[in-house]
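What follows is one structure encoded as structure tokens, with my remarks underneath.
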Amino acid sequence: MNVTKKPFDQLGIMRDRITNQRRIKDCYKLLRHQEIIRHACQQLTCSEQDLINTSTKLFGIINTPQHSAQLTSTEDGILRETCLFMLQELFIAQQFLKNHPQTVGDCLEQVRVRFQAVNWVVAIEVLIDDWTGLKHCLDFSIADSRFKALLFYVLEKLQVQDYPRFQKLSKAVYFSYKLLPVLNSRLDFNLIYDNNHIYLGLSSTKETVRSLSHQLYSKLNKQVDCYFSHFSQPLLYQGYAVRRDLKSKKISIDVPQQALIKLSALFQYGDFHNRNPRARGGLVHRPIPAIYSIYEQELKRVAFDYRYADNYRVLGHLVYFAQLSLLKTVALKQGCTMGQANYLLKTMGFKRLILTKRSE
């Protein structure tokens, strides 16, 4: 008989109870099992002896959570990973765990694969704060005050020490617990999840999508904002404009025009929308090589951020606009015309700013 099977089976039973909106109890008893602790802590650089020693402490801590403050950093890490593993197994649906993309490139590729036949997209954003939504789900489902107090202790520390991870867990719990039950009867949706939002891709009619959007908004007690649009219209996702191109029959992933306007304002190049470049007065006290380097590094960063864009070369418009701003800045510094500034840069060996080759 596989001795590691029982505790993991127990997690499955508890998960089924939560799915059926029944409360779970005696969760703390699972802290007796070294198999769960060992599985939860695979990514930690701790010894087998650390795991064994900590497992004997965890069951005692459950009765006096304040004693958890006396744990060593290694023991505290083991406690954290064990509790978060149990949280994940009990409350987070596989849709938010299996093959969850880790990079922007992975996220965009996921859209290309999953949204091939999508006609409509429903975007869902949670309006309540991360901790409120998470606490509500856990309070409603866990009838084990000792385990809940320990779990809240771990989560409160995580919120301070690693907020991105806390946010990711919080949203995944909320979406699993609140959203999926509403969608369980539907077979035609594809789901993309990026921590802050969920995007549902559907091949349904507009009337059906509108009805679903209203249903979600109503059943989730106005805790979310829902809106829908046809997928031929750009969807802003991971900073890109993503849409289904009906003519070419493919999904286009582009640099949004609005991004060029925002980046120009961010870097103080001027009013990109009205083609009005400006000098950056805050840079005139710096040497010309330093000014040139600032522009160059900014544009390299933009090129890297949008390296997955199908219309990558549209960034050339921003580069040209930055070049004009650079000339105006140098002209302001030297008290000369833009033409003279351009000649000065050439004589100093500086080439025109260019769009760097796409990096993969």
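Taking the criterion of being under 18 Å from Ile142 (Cα atoms), open to solvent by 80 Å² or more (accessible area, probe 1.4 Å) and among the acidic types (Asp, Glu), the only residue of region 1-57 that qualifies is Asp16. Checked against (1) modelled with pLDDT of 75 or more; (2) more than 30 Å from the chain's Cα centre (by Cα), Ile37 passes all but condition (2).
Leu236 satisfies every condition listed in (1) within 30 Å of Gly335 (Cα to Cα); (2) without any contact (Cβ under 8 Å) to a residue 60 or more places away in the chain except (1). Does Val122 qualify as being surrounded by 13 or more Cβ atoms within 10 Å (Cβ to Cβ), closer than 17 Å to Val242 by Cα and touching a helix residue (DSSP H, G or I) at 6+ places or on another chain (Cβ under 8 Å)? Judged against the criteria, Val122 is a match. The set of residues in region 114-130 that are assigned to a helix (DSSP H, G or I) and at pLDDT below 85 contains only Asp130. Only one entry of Thr329, Thr347, Thr356 meets the criterion of being of a type outside the set (Lys, Arg), at pLDDT 95 or above, open to solvent by 40 Å² or more (accessible area, probe 1.4 Å) and out of contact with any Ser or Thr (no Cβ under 8 Å at 6 or more places or on another chain), and that entry is Thr347. Within region 153-171, the set of residues being within 20 Å of Cys27 (Cα to Cα), out of contact with any Phe, Trp or Tyr (no Cβ under 8 Å at 6 or more places or on another chain) and surrounded by 18 or more Cβ atoms within 10 Å (Cβ to Cβ) comprises Tyr153, Val154, Leu169. Looking only at region 275-307, residues that are open to solvent by less than 70 Å² (accessible area, probe 1.4 Å), out of contact with any strand residue (DSSP E or B) (no Cβ under 8 Å at 6 or more places or on another chain) and part of a loop (DSSP other than H, G, I, E, B) come to 4 in all. Taking the criterion of being open to solvent by 40 Å² or more (accessible area, probe 1.4 Å) and either basic (Lys, Arg) or in contact (Cβ under 8 Å) with a residue 40 or more places away in the chain (or both), the residues of region 308-323 that qualify are Tyr308, Asp310, Asn311, Arg313, His317.
Being within 25 Å of Thr329 (Cα to Cα) and either without any contact (Cβ under 8 Å) to a residue 40 or more places away in the chain or in contact with an Asp or Glu (Cβ under 8 Å, 6 or more places away or on another chain) (or both) is a description that applies to Asn276. Look at region 87-110: where a residue is more than 18 Å from Asn184 (Cα to Cα) and a partner is hydroxyl-bearing (Ser, Thr, Tyr) and modelled with pLDDT of 85 or more, sitting 6+ places away or on another chain with Cβ atoms under 7 Å, you get Val104/Tyr308; Gly105/Tyr308; Leu108/Tyr240; Leu108/Tyr308.
Ser204 meets the conditions (1) open to solvent by 10 Å² or more (accessible area, probe 1.4 Å); (2) touching a Cys at 6+ places or on another chain (Cβ under 9 Å); (3) not acidic (Asp, Glu) in every case but one. The failed one is (2). A search for C-beta distances below 7 Å between a residue of region 140-163 that is in contact (Cβ under 8 Å) with a residue 60 or more places away in the chain and of a type in the set (S, T, N, Q) and any residue that is outside any helix (DSSP H, G or I) and open to solvent by less than 10 Å² (accessible area, probe 1.4 Å), counting only pairs 6+ apart in sequence or on different chains, returns Ser141/Ile24. Tell me, yes or no, whether region 246-255 has at least one residue that is of a type in the set (Gly, Ala, Ser) and either modelled with pLDDT of 95 or more or open to solvent by 20 Å² or more (accessible area, probe 1.4 Å) (or both). Checked region 246-255: at least one residue is of a type in the set (Gly, Ala, Ser) and either modelled with pLDDT of 95 or more or open to solvent by 20 Å² or more (accessible area, probe 1.4 Å) (or both).
Could you tell me whether region 174-197 includes any residue that is touching a helix residue (DSSP H, G or I) at 6+ places or on another chain (Cβ under 6 Å), touching a residue at least 12 places away in the same chain (Cβ under 8 Å) and either among the acidic types (Asp, Glu) or at positive phi (or both)? Looking for residues that are touching a helix residue (DSSP H, G or I) at 6+ places or on another chain (Cβ under 6 Å), touching a residue at least 12 places away in the same chain (Cβ under 8 Å) and either among the acidic types (Asp, Glu) or at positive phi (or both), one finds at least one in region 174-197, hence yes.
The values are calculated or read from the model by the stated rules, or taken from the named source; none is laboratory data. What you see is a predicted model; the values in this text were computed from it and never measured. So basically every Cβ, Gly included, is an ideal-geometry build from the backbone, and we count neighbours across all protein chains shown. Heads up: the accessible areas ignore ligands, DNA and RNA and are worked out on the full protein's heavy atoms, side chains in. Shrake-Rupley method; radii C 1.70, N 1.55, O 1.52, S 1.80 Å.
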